[in-house]
Amino acid sequence: MNNEQIIRTAYELAEKVDVKGWTQCFTPDGTFTDMSIGVTYRGPDGPTGLGKSVEVYAKAFPDMHRELYRFFSLGDVVVVELALQGTHQGPLPTPMGILPATGKRMDAPCCDVFRIVNGKIQSFNCYPSGTVIFAQLGVLS
């Protein structure tokens, strides 16, 4: 698989909430950082394990979809322009506390930057537009 295919596979696994498959996409020292909240996930298990964000978003947005618009690859780096889409039907942990389900739809822009080493993700920095997400969920007026 080329680097774009590796990342497309990782997105598919996240979309299916295949946490084990998702974590296996990463190198043993691989990281996933949600830049909107400044949290880095690493390792297979636990509250900061690589699968935690997939589980959290699947619970908060059971119909979570990542609409992939464009891929840019340069060497071992893959950048993806996408949108995070879903209906807020469950609790969403935030730095300000738990946001209860609002029933509102999210369609927020995002940019993801991956570094691939030997066919696995070594680092994944996710830049979701937190202000757009919060505005669409009714947190910001």
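The values are calculated or read from the model by the stated rules, or taken from the named source; none is laboratory data. Not measured: the values here are computed from a predicted model. Note: ideal-geometry Cβ built from the backbone for every residue, glycine included; neighbour counts use all protein chains shown. SASA here: full protein model, heavy atoms, side chains in, ligands and nucleic acids out. Shrake-Rupley method; radii C 1.70, N 1.55, O 1.52, S 1.80 Å.
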## Note on the structure
Residues of region 84-135 being under 26 Å from Asn2 (Cβ atoms), aliphatic (A, V, I, L, M) and buried (at least 18 other Cβ atoms within 10 Å of the Cβ), in sequence order, are Leu84, Ile116, Ile121
### Message
If I go through region 53-78 residue by residue, how many of them are in contact (Cβ under 8 Å) with a residue 24 or more places away in the chain, open to solvent by 40 Å² or more (accessible area, probe 1.4 Å) and more than 30 Å from Pro100 (Cα to Cα)?
### Response
3
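Quick one: would you say Leu50 is open to solvent by 30 Å² or more (accessible area, probe 1.4 Å), among the hydrophobic types (A, V, I, L, M, F, W, C) and under 14 Å from Tyr11 (Cα atoms)?
Details: open to solvent by 30 Å² or more (accessible area, probe 1.4 Å): no; among the hydrophobic types (A, V, I, L, M, F, W, C): yes; under 14 Å from Tyr11 (Cα atoms): yes.
Spelling it out, it is not the case that Leu50 is open to solvent by 30 Å² or more (accessible area, probe 1.4 Å), among the hydrophobic types (A, V, I, L, M, F, W, C) and under 14 Å from Tyr11 (Cα atoms).
Listed here are the residues, each with its yes/no results for (1) closer than 15 Å to Tyr57 by Cβ; (2) at pLDDT 95 or above; (3) not hydrophobic (A, V, I, L, M, F, W, C).
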| position | (1), (2), (3) |
| --- | --- |
| Met1 | no, no, no |
| Ile7 | no, yes, no |
| Ala10 | yes, yes, no |
| Gly21 | no, yes, yes |
| Thr27 | no, yes, yes |
| Phe32 | yes, yes, no |
| Ser36 | yes, no, yes |
